[in-house]
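Peer 1: Quick one: this structure, given as structure tokens, is what I'll be asking you about.
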Amino acid sequence: MMRMTFTTFTTGAFLLHLFLVSLFKDNASPFTFTFTSNDVSILQVVEAFTPCCNIGINNRPSYSLLRAKNAVDTSSGSTDSTSAITSATTSSGTSSGPHLITFDLDDTIFPVGPVVHDANVALMEHLTSLNDNNGANNDNVNAPTTTTTCITQSDFIASTKFIRSELAKDGIKITYTELRKRTIQRELERISLIGIEKNDNDFSATATVDISISKEVVSNAYELWEEHRHMAAERHLYHDTIAMLDELKERFPDATIAAITNGKGNPLRMTNTIAKYFDYCISGEDDNVFPYRKPDAGIYKVAVEKYQQEYNNINTGSGSGRVSVSGSDTSSDDDDFCWIHIGDDLANDVGASAQCGAKSIWVDLDEELYNQTTHTGSGTTPGTTTTPSSGSTGTDNEKEKQQQQQQPVWSTATKEEQEMRRILNEEAHKYVAARVRNLSELPDVVKNISMGSVHVSCS
């Protein structure tokens, strides 16, 4: 990967840099050209010249904001454009950093595959221990009744898919939490019935047996799974996650950092590692969100509203700076509001957040350094990678096709949902403000986006 970074202030200088980029456009390795400019004319030239140079623009800044930076205070008679830029920059706050930074969690700051795998192992062990501890107690109808039957992950996943498919027939949607609880109950009831069959010689297939499992047993089992999920997430954090978050906090101390996730992961519960870096977390499981989780705009609306109500420091006390998300449109009474969303999923993170007003950073991590489940498709074994199919040249397009065809073993998504996701992923490419291959790149990329930089890449 070749990289060049410039700060330009004249159209002539920019054109020279653009010419240099065009010389490398046929280079076999990816080439990234980043420049920062306070001159609107330069940024407009980009739009005109990049098509003929076969160069793609990954981030188009707000021209209205840059015009404000170039404005000259004619009322005072000043013609010092530099002081005008400085004044505008200070009031907007975007040159020093964004106001709101939101993160996806799974496969963005830790690999979801090994995390879910570890939590599932702990859950299966717990359910087996319930079975062992209560097997001799035939009077206890709230627990399994055999010591010879255990629940495997494949059994659990099969039950989960069965329950979801049955609900889908009636168009019923439930949270992931409720789905997992129902699966726990179904599996406990299943092995209880198997135990009765094995232990009772007089058992008849037509017999009526009460094998109901108490809500307390189910809830306790679920809470154990969730606790182990957070413990596993702390163990499996990507190697540079903490360093990246630490640098973000240091460089942008006034920024609010939040998590937006469809699942139950919550960085505030990861008290041994990353809790101190996050101000709040919005989950697709929250009562004021479900069922409007990603890629729906509803979850982003709740996240931005929480920022507005509790963390907004834009023009404090003036009554301005209010931000709203409605449907697929975000509006703000303060045009200087800068919100950056960071995530691995093109549809859920990049496309959805961008349509709600965020500048979206696509976390498409290096396969040799990271274990993104979207790359491996395994969802189980840490460190596994995907081998290109026969005849593959390993290009980005082929890699993306392979990723789209893969499905984590624990996923319950239907074929229809997978096809819809493929379409949304393709559409989301046009919303990518920047793409990073290493988490350590994020602080610089966040800075560039908040300053209105344009990230140009050719490969």
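The values are calculated or read from the model by the stated rules, or taken from the named source; none is laboratory data. As the structure is a computational prediction, the values presented were derived from the model and not from experiment. Because the Cβ atoms are built from the backbone with ideal geometry, glycine has one as well, and the counts that use them run over all protein chains shown. Surface accessibility is based on the protein's heavy atoms, side chains included, excluding ligands, DNA and RNA. Shrake-Rupley method; radii C 1.70, N 1.55, O 1.52, S 1.80 Å.
Peer 1: Just to verify a result, which residue in segment 252-262, among those that are surrounded by 18 or more Cβ atoms within 10 Å (Cβ to Cβ) and not in a strand (DSSP E or B), is nearest to the chain's Cα centre (by Cα)?
Peer 2: Asn262
Peer 1: Moving on. Return yes or no: is Ile274 open to solvent by less than 50 Å² (accessible area, probe 1.4 Å), at pLDDT 95 or above and within 24 Å of Ile174 (Cα to Cα)?
Peer 2: No: the conditions fail for Ile274.
Peer 1: Can you tell me which residue in segment 269-304 is nearest to Glu178 (Cα to Cα), limited to those that are of a type in the set (Ser, Thr, Tyr) and under 16 Å from the mean Cα position of the chain (by Cα)?
Peer 2: Selected residue: Ser283.
Peer 1: Right, something else. Can you pull out the residues in segment 295-314 that are modelled with pLDDT of 60 or more and assigned to a loop (DSSP other than H, G, I, E, B)?
Peer 2: Pro295, Asp296, Tyr311, Asn312, Asn313
Peer 1: If you check Gly317, Gly321, which single one turns out to be open to solvent by less than 20 Å² (accessible area, probe 1.4 Å), modelled with pLDDT under 95, on the phi > 0 side of the Ramachandran plot and outside any helix (DSSP H, G or I)?
Peer 2: Going through Gly317, Gly321 in turn, the sole match is Gly321.
Peer 1: Answer with yes or no whether Leu268 is closer than 17 Å to Tyr307 by Cβ, out of contact with any Ser or Thr (no Cβ under 8 Å at 6 or more places or on another chain) and open to solvent by 10 Å² or more (accessible area, probe 1.4 Å).
Peer 2: In short, yes.
Results for (1) loosely packed, with under 13 Cβ neighbours inside 10 Å; (2) on the phi > 0 side of the Ramachandran plot; (3) at pLDDT below 95; (4) in a loop (DSSP other than H, G, I, E, B), shown as yes or no for each residue.
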residue: Arg182; (1), (2), (3), (4): no, no, no, no
residue: Ser192; (1), (2), (3), (4): no, no, yes, no
residue: Ile196; (1), (2), (3), (4): no, no, yes, no
residue: Ile213; (1), (2), (3), (4): no, no, yes, yes
residue: Glu227; (1), (2), (3), (4): no, no, no, no
residue: Ala232; (1), (2), (3), (4): no, no, no, no
residue: His239; (1), (2), (3), (4): yes, no, no, yes
residue: Ile242; (1), (2), (3), (4): no, no, no, no
